[in-house]
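K.L.:
Okay, here's the structure, questions in a sec.
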Amino acid sequence: MKAIVVESFGGPEVLVLKQVPDPKPGPGQVLVQVKAVGVNPYETHIRSGAYPLKPNLPYTPGADAAGVVLAVGPETNRFKAGDRVYTFSFNSGAYAEQLVSIEDNLQFLPSNVSFAQGAALGVPYATAHYSLFQRGQAQAGETVLVHGASGGVGIGAVQLARAAGLTVFGTASTEEGRKVLLKEGAHGAFDHSESGYLDKIVAATGGKGLDIILEMLANVNLDKDLNALSLRGRVIVIGSRGRVEIDPRSTMGRNADIRGLTLFNASPGDRKAIHAHLHAGLENGTLRPIIAEQMPLSDAPRAHEAVMKNKKIGKIVLVP
């Protein structure tokens, strides 16, 4: 089969398409014919060598994919050949024509969902769910701001929050992005490049402030976020690209929290709950992953450049 192989850490050019042996499923494992692969920003950090956890070289990147089960190994009971599935968490490497995964890292893909959409679920939608419900403890009737909401995680958070009965605001720097947010369920969409946009969002809450802020760029926004919170409000830090200075007094009068997360810290129970919820949302149509662009597997270097430019609305997907 063909797969992207990284033999040394570095720029996008180290993503090289090669012929490699077909994988074989062992006990408790499933062999999947990959139909689509989701590209995530953290994969660019791993590839560059900047990520704290480094894989052994050489390696094939990727965790998120969707496809069809080709075969199952011994002691595998949940899946059978022909099942449509999507993957999440670690496997033999999703940037490939085939992959092997333990069955606990697979979920059934409903027939009404495309393979490209299935490849957009593992990290983005699971991160959105984990940030909202496990870390953010979101409740129906609360108000949430999804900062930088036109990417894969942001759109997932908007759809999940709206379906759960929250009042949802989102930000995007383009008019097209803001239109998408309104279409996907946001009650209001704002331009985060505009001066005073947070004041407008707080005014839209009737002056109460936001119960939850999902923050994709904490090094830029965190200090300002704290002043937009309600009493007992929470900022959930999903992404940051550097250090930031804050005034802790902004948390004190509100009894406010700043909570970080990484999806890899989710417990097995959390993951089970997340993907049961996502599967139900896909079946009933409340969750609708948006695909920004599909590229051939050989264009993995270009996909890594594109995913870091923050100009795409939705998810970049590779097609083997």
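K.L.:
In straight Cα distance, which aspartates and glutamates are under 16 Å from residue 179, not counting same-chain residues fewer than 8 positions off?
P.N.:
191
K.L.:
Add -39500 (n - 2.57) for each DSSP H run of 4 or more in the chain, then divide by its residues: what number comes out at 222 nm, to the nearest 500 deg cm²/dmol?
P.N.:
On the way: 10 runs with 83 residues, N = 320.
My calculation for the chain gives -7000 deg cm²/dmol from helical runs alone.
K.L.:
Anyone know which of 222, 57, 297 comes out most mobile in the 10 Å Cα GNM of the chain?
P.N.:
The residue that fluctuates most here is 57.
K.L.:
A follow-up question, please. When 8, 89 are ordered from fewest to most other Cβ atoms inside 10 Å of their Cβ, what list results?
P.N.:
Details: 8 9, 89 19.
By the 10 Å Cβ count, ascending, the order reads 8, 89.
K.L.:
About the Cα centre of region 124-264, how large is the charge dipole given +1 on each Lys and Arg Cβ and -1 on each Asp and Glu Cβ? Please answer in debye to the nearest 20.
P.N.:
Values: 15 positive and 14 negative charges, 58 e Å.
The calculated dipole for region 124-264 is roughly 280 debye.
K.L.:
Another question about this same structure. Of the DSSP beta bridges with both residues in the chain, give the percent that are antiparallel, rounding to the nearest 5. If you can, show how the numbers build up before the last one.
P.N.:
On the way: 26 of 51 bridges.
The antiparallel fraction comes to roughly 50 percent.
K.L.:
A further question on this structure: At a Cα cut-off below 24 Å, give the lysines reachable from residue 208, other chains included and same-chain residues fewer than 8 away excluded.
P.N.:
Filter leaves 200, 224.
K.L.:
Also, quick follow-up: Build a GNM of the chain with springs between Cα atoms under 10 Å: which of 90, 108, 264 gets the top mean-square fluctuation?
P.N.:
264
K.L.:
Convert 25 °C to kelvin, take the viscosity as 0.890 mPa s, use the Kirkwood radius over C-alpha pairs of region 124-264 as Rh, and evaluate the Stokes-Einstein diffusion coefficient in µm²/s, rounded to a whole number. Intermediate results must be reported in sequence, preceding the final value.
P.N.:
On the way: Rh = 14.5 Å.
Reported coefficient: 169 µm²/s.
K.L.:
In Å and whole numbers, how far do the C-alpha atoms of the chain stretch along each principal axis, longest first?
P.N.:
60, 40, 33
K.L.:
Between 239, 118, 154, which gets the highest mean-square fluctuation from a Gaussian network model of the chain, Cα cutoff 10 Å?
P.N.:
Fluctuation is largest for 239.
K.L.:
Could you please rank 114, 195, placing first whichever residue has the fewest other Cβ atoms within 10 Å of its Cβ? Please report the intermediate quantities before stating the final value.
P.N.:
Working: 114 15, 195 7.
Sorted ascending by nearby Cβ count, the order is 195, 114.
K.L.:
Using a 10 Å cut-off around each Cβ, can you sort 155, 212, 236 from fewest to most neighbouring Cβ atoms? Please report the intermediate quantities before stating the final value.
P.N.:
Working: 155 33, 212 29, 236 25.
Taking fewest neighbouring Cβ atoms as first place, the list is 236, 212, 155.
Here, each number is a calculation from the coordinates, and none is a lab measurement. Small disclaimer: the values here were computed from a predicted structure and weren't measured. Because the Cβ atoms are built from the backbone with ideal geometry, glycine has one as well, and the counts that use them run over all protein chains shown.
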